[in-house]
Amino acid sequence: MPKKSRKFKTEVTQLLDLVIHSLYSKKDIFLRELISNASDAIDRVQFEALTNKKLIGKGEAWKIKITSDEKARTITISDNGVGMTADEVETNIGTIANSGTRHFLEELQKSKKGSNAEFIGQFGVGFYASFMVADNVTVVTKRAGSEEPAVRWISDGTGTYTIEDADKQERGTDVTLHLREEQDNFLQEYELRRIVREYSDYIGFPIVMDVTRTQKGENEGDEEITTTEEETLNSMKAIWKKMPSEVSEEEYNEFYKHVSHDYTDPLKVIHYRAEGTAEFQALLYIPATAPMDLFWPDAKRGLQLYVKNVFINDDCEELLPSYLRFLKGVVDSSDLPLNVSREMLQDDVVIRRIKKGLVTRVLKELADLKKRTPEQYETFYKQFGTVIKEGVHQDFENGDKLKDLLLFASSKSEAGKLASLKDYVARMPEAQKAIYYLTAGSLGQAAHSPHLEALTSKDYEVLFFVDPIDEWVTQRLTEYEGKPLKAIDRGDIDIHSAEEKEEKEAALKGDSETYKGLLESIQKHLDEEVKEVKLSTRLTDSACCLVADETGMNANMERIMKSMGQEMPPVKRVLELNPKHPIVAKLKASLERDSESSVLTDYADLLYSQALLTEGSPIKDTARFSQLLSKLMVEGLG
Ligand code: ADP
Ligand code: MG
C-alpha cells in the first residue's frame, strides 16, 4: 500500500482540537487509556485463539511493554495482542467517528468538566487522549492471523493522518508518542511506574519496562556496574479472586474506575463468592452517580465475564436484567465452558442461574442499604430510582422486593425528602383504605393541585408521582400490602364514611337540582371539550377541576405521549364544579337574569381554562383566554 494521507472526520478534528487545547488536568490518564487498549487487544486475541489456536504461538508470554527514549523524547506502549488490519485502523482510529465522539464533544461543551479529561474513556475515544501529551503519534500494528502487511499510522492530531505499509512481523501493536514540550516528566521511570501503579495495577497482564540500575563496585575504585532488567510494574492481581478482607478500599476504588471508566469512587462494593446451584465470584459496584449513557439506547452495557480466569467479554448483558444495568464489575465462573460464544450466552442455563443469584443478592444489598443508611440510599435513588422503577414494570417475580425499594415525594413529606410505601402505610389513618397518588409534570404542580383538597381535609397523605416513568409504573403498582393504589384525578374517590356519604349525597342531590340549568348550559357550550359537567365532592377551595375516567387517559399521560411524539386523539374528561364556590351561585343568578348573555359562555371558557392550567395542560386558545381575562380585569376595576 502506498502512503496515503487522509482527513479525520470533522467531529474527530473537533474532538482532537479540544483534547489538545482544553484538557489540562490529569494528563497522565493517557497512559491508562493506552494500557487499557493494549490489555483489551490481548484479551481479544486470547478469546479468538480459543477457537483458532494458530493465532498465537506456543509458550509465548502476554506482555505490555513501555519503552521510554529520552533522546528521541518518545514513549512507546507495545502489546502482543490482536493488532489491526489497515481497514480496522481506519475504522477505529481514523476517519470514522463513532457515536461516542459526538457524545463526548457534547458533554465537554456543555459541562463544567471543561478541563477534565478523566472521563474520556467512557466514550470509546480514549486513544485520542494521547494527543494531550504528544504532538505526534505513530501506531504500527499487525493483525493476528492476517496475511496483510503491517500498517503504520501517523498523525500530529491537527486534522490529517497518514497510513502506509510497515514491516512489523509479529502480531500486536506499538503506539509511540512524541512528547510535547514540557511533558518530559513522562519519560522518567519513576513517573511511569507511579502512573501504572495508580491506574493499571490490576491489569491482568504484566506491564513491563526495561529498568537500568547503576551500582557502585564493591571496593573503592572499582568500576560501576550497569544492569538493565525487565521489571514488571503492576501486581496483576485479579482482585475479585481475593477474600474481601484482603482488599483495601483504595484497591476496590481503583479497580472500579478501571471497569467503569468513571472517575469518582463508587457508592457501594458488593464482593462475594456464590456457592450452591451456581458457583461464581462476583465483584459488583453501585456507582455514586449515574453515567451519562444510562438512557442511551446504543450504550454499551453489561458486566465483565471471566471463565476460569480467562476474560470472555466486557459487555455481558445476559448476566443482569436491564433494570440493573447501572451495576459495574466482574463475574468469574468456573461452570461455563471456555469456548462459550455470544449466542450460547443468550440462553445458557448456567448464565441464567448466575443472573438469578446476582439479582437476589443485589436486591438484598439495596434493601439493606435502605434500611441501614437511608441517606445513602436516597442518594442512590436520586441517581437510579427511575431504572429501579423499570424493574417494577419488568420483573414480576421480584415485584414485592422492588416495590419496597421505591421512594416518592408526598403531600406530607418535607421538601426534598422522599417516603417509601412502607412509611406511607405506617402513617395511614385507620379509616383510610387505599394508597392515594397523583401523577403530575412537576412537584409544584402536584402540590397545588385542586385534587388534593378533599384528601388533605381528611388528613390523608398523597404520593406525588412526577417522574414520567411513574405513569407506566402505576400500571403494575396497583397494590401494596393488600392496599389498592388509587389515582386521585380519576373516577370517584371513595374516602368518606357511610354517614358522611349519606350527608354528601343528600347535599349533592339538592345542589344538582338547584344547578341543573347551569350545568346543562355550560355542558352545551363546552360539549366539544368535556365529557360531562357535574358538581364535585372532591373540592373544598378551588372552583373547578378536570377528572379522568377510571380507565381514561389523564392529563399527565397525555403530556407524556405528546412528548414522545405520539399524538393521541384527545380524550374528554369530566369538568367538576365546586357547589360551595361563590362563582357557581353567581353564575346561576346571571344565567337566570339573562340566558342570552355572553357572560355565561365567557365564564365557562375561563373556568375550563383554569382547570387546564392548574393541572399543567396547555389551553387551546390562549389569545381568547387573555382577552377574556383583560375584559374581566376592566370590569373588576369598575
Ligand atoms: P475503546 O477502547 O473504548 O474502544 P479507544 O479510543 O481507546 O476506545 O480505542 C478505539 C479502538 O481502537 C479500540 O476499540 C480498538 O479497536 C482499537 N485499538 C486501540 N488500541 C489498540 C491496540 N493496542 N490494539 C488493537 N486495537 C486497538
Ligand atoms: Mg480504550
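From the list I93, I20, I35, pick out the single residue that is β-branched (V, I, T) and under 19 Å from N234 (Cβ atoms).
The match here is I35.
Using beta carbons and a limit of 6 Å, which pairs, at least six apart or on different chains, have the first residue in segment 519-540 and among the β-branched types (V, I, T) and the second one assigned to a helix (DSSP H, G or I)?
Taking only residues 6 or more apart or on different chains, the pairs are I522/A604; V533/L519; V533/I522; V533/Q523; T537/K504; T540/E453; T540/S457.
Has segment 157-172 got any residue that is assigned to a loop (DSSP other than H, G, I, E, B), at positive phi, in contact (Cβ under 8 Å) with a residue 60 or more places away in the chain and in the same structural domain as N185 (by TED's automatic domain parsing)?
yes
Residues are listed down the side, and each one gets a yes or a no for (1) in contact (Cβ under 8 Å) with a residue 60 or more places away in the chain; (2) surrounded by 20 or more Cβ atoms within 10 Å (Cβ to Cβ):
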{"residue": "G416", "(1), (2)": "no, no"}
{"residue": "V425", "(1), (2)": "no, no"}
{"residue": "A440", "(1), (2)": "yes, yes"}
{"residue": "A446", "(1), (2)": "no, yes"}
{"residue": "P450", "(1), (2)": "yes, yes"}
{"residue": "A454", "(1), (2)": "yes, no"}
{"residue": "K458", "(1), (2)": "no, no"}
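The conditions are (1) open to solvent by 20 Å² or more (accessible area, probe 1.4 Å); (2) more than 16 Å from ligand 1 (Cβ to nearest atom); (3) over 21 Å from D69 (Cα atoms), and G159 fails exactly one of them. Which is it?
Against the list (1) open to solvent by 20 Å² or more (accessible area, probe 1.4 Å); (2) more than 16 Å from ligand 1 (Cβ to nearest atom); (3) over 21 Å from D69 (Cα atoms), G159 comes up short only on (1).
With the requirement that a residue be open to solvent by 30 Å² or more (accessible area, probe 1.4 Å), in contact (Cβ under 8 Å) with a residue 60 or more places away in the chain and away from ligand 2 (no atom under 16 Å from the Cβ), what does segment 121-145 give you?
Correct list: R143, G145.
So, in segment 216-241, of the ones that are surrounded by fewer than 10 Cβ atoms within 10 Å (Cβ to Cβ) and not charged (D, E, K, R), which residue ends up farthest from V259 (Cα to Cα)?
So, considering only residues that are surrounded by fewer than 10 Cβ atoms within 10 Å (Cβ to Cβ) and not charged (D, E, K, R), the one farthest from V259 (Cα to Cα) is G221.
Just give me the residues in segment 405-454 being closer than 24 Å to D541 by Cβ and aromatic (F, W, Y), in sequence order.
Answer for segment 405-454, where residues must be closer than 24 Å to D541 by Cβ and aromatic (F, W, Y): Y436, Y437.
Please go through segment 321-355 and pick out each residue that is in contact (Cβ under 8 Å) with a residue 60 or more places away in the chain and within 24 Å of the chain's Cα centre (by Cα).
As a first pass, look at segment 321-355 and keep what is in contact (Cβ under 8 Å) with a residue 60 or more places away in the chain: 321-326, 328-330, 332, 338-339, 350, 353-354.
Listed by number, the residues that qualify are P321, S322, Y323, L324, R325, F326, K328, G329, V330, I354.
Given the structure, is T614 under 45 Å from the mean Cα position of the chain (by Cα) and open to solvent by 70 Å² or more (accessible area, probe 1.4 Å)?
Numbers: under 45 Å from the mean Cα position of the chain (by Cα): yes; open to solvent by 70 Å² or more (accessible area, probe 1.4 Å): no.
It is false that T614 is under 45 Å from the mean Cα position of the chain (by Cα) and open to solvent by 70 Å² or more (accessible area, probe 1.4 Å).
State whether the residues of segment 257-271 include one that is within 21 Å of L366 (Cα to Cα) and of a type in the set (F, W, Y).
no
If a residue has to be more than 9 Å from ligand 1 (Cβ to nearest atom) and part of a helix (DSSP H, G or I) to count, how many in segment 46-92 make the cut?
Summing the residues that are more than 9 Å from ligand 1 (Cβ to nearest atom) and part of a helix (DSSP H, G or I) in segment 46-92 gives 10.
How about segment 297-334: which of its residues are among the charged types (D, E, K, R), out of contact with any strand residue (DSSP E or B) (no Cβ under 9 Å at 6 or more places or on another chain) and open to solvent by 40 Å² or more (accessible area, probe 1.4 Å)?
Selection gives D298 alone.
Looking at segment 179-200, is at least one residue assigned to a strand (DSSP E or B), over 29 Å from K237 (Cα atoms), open to solvent by 40 Å² or more (accessible area, probe 1.4 Å) and modelled with pLDDT of 95 or more?
No, segment 179-200 contains no residue that is assigned to a strand (DSSP E or B), over 29 Å from K237 (Cα atoms), open to solvent by 40 Å² or more (accessible area, probe 1.4 Å) and modelled with pLDDT of 95 or more.
Report the residue count in segment 279-296 for those that are open to solvent by 10 Å² or more (accessible area, probe 1.4 Å) and of a type in the set (A, V, I, L, M).
Result for segment 279-296: 3.
Residues that are more than 32 Å from the chain's Cα centre (by Cα) and of a type in the set (D, E, K, R): find the strands (runs of 3 or more DSSP E) completely inside segment 476-582 holding 3 or more of those.
Hits in segment 476-582: 530-535.
Which number in (1) in the same structural domain as T478 (by TED's automatic domain parsing); (2) assigned to a loop (DSSP other than H, G, I, E, B) marks the one condition that V425 misses?
Going through the list (1) in the same structural domain as T478 (by TED's automatic domain parsing); (2) assigned to a loop (DSSP other than H, G, I, E, B), V425 breaks only (2).
Does L477 count as in contact with a strand residue (DSSP E or B) (Cβ under 7 Å, 6 or more places away or on another chain) and in the same structural domain as N578 (by TED's automatic domain parsing)?
Criteria not met by L477.
How many residues does segment 561-587 hold that are buried (at least 18 other Cβ atoms within 10 Å of the Cβ) and more than 16 Å from C545 (Cβ to Cβ)?
Going through segment 561-587 one residue at a time, the tally reaches 1.
Check S111 against each of (1) modelled with pLDDT under 95; (2) open to solvent by 50 Å² or more (accessible area, probe 1.4 Å) and name the one condition it does not meet.
For S111, the exception is condition (2).
Conditions tested, residue by residue: (1) closer than 24 Å to L305 by Cα; (2) away from ligand 2 (no atom under 15 Å from the Cβ); (3) out of contact with any Pro (no Cβ under 6 Å at 6 or more places or on another chain).
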{"site": "F8", "(1), (2), (3)": "no, yes, yes"}
{"site": "R32", "(1), (2), (3)": "yes, no, yes"}
{"site": "W62", "(1), (2), (3)": "yes, yes, yes"}
{"site": "N80", "(1), (2), (3)": "yes, yes, yes"}
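State whether the residues of segment 17-25 include one that is away from ligand 1 (no atom under 11 Å from the Cβ), open to solvent by 30 Å² or more (accessible area, probe 1.4 Å) and touching a Phe, Trp or Tyr at 6+ places or on another chain (Cβ under 7 Å).
yes
So, of the residues in segment 1-44 that are of a type in the set (S, T, N, Q) and in a helix (DSSP H, G or I), which turns out to be farthest from S68 (Cα to Cα)?
Step by step, filter segment 1-44, then rank; the result is T10.
State all residues of segment 460-470 that are crowded, with 18+ Cβ neighbours inside 10 Å and under 17 Å from L402 (Cβ atoms); if no residue qualifies, say none.
Within segment 460-470, L463, F465, D470 qualify.
The values are calculated or read from the model by the stated rules, or taken from the named source; none is laboratory data. Given the structure is predicted, the values throughout are model-derived calculations rather than measurements. Because the Cβ atoms are built from the backbone with ideal geometry, glycine has one as well, and the counts that use them run over all protein chains shown. Accessible surface is based on the protein model in full, side chains and every heavy atom, while ligands, DNA and RNA are left aside. Shrake-Rupley method; radii C 1.70, N 1.55, O 1.52, S 1.80 Å.
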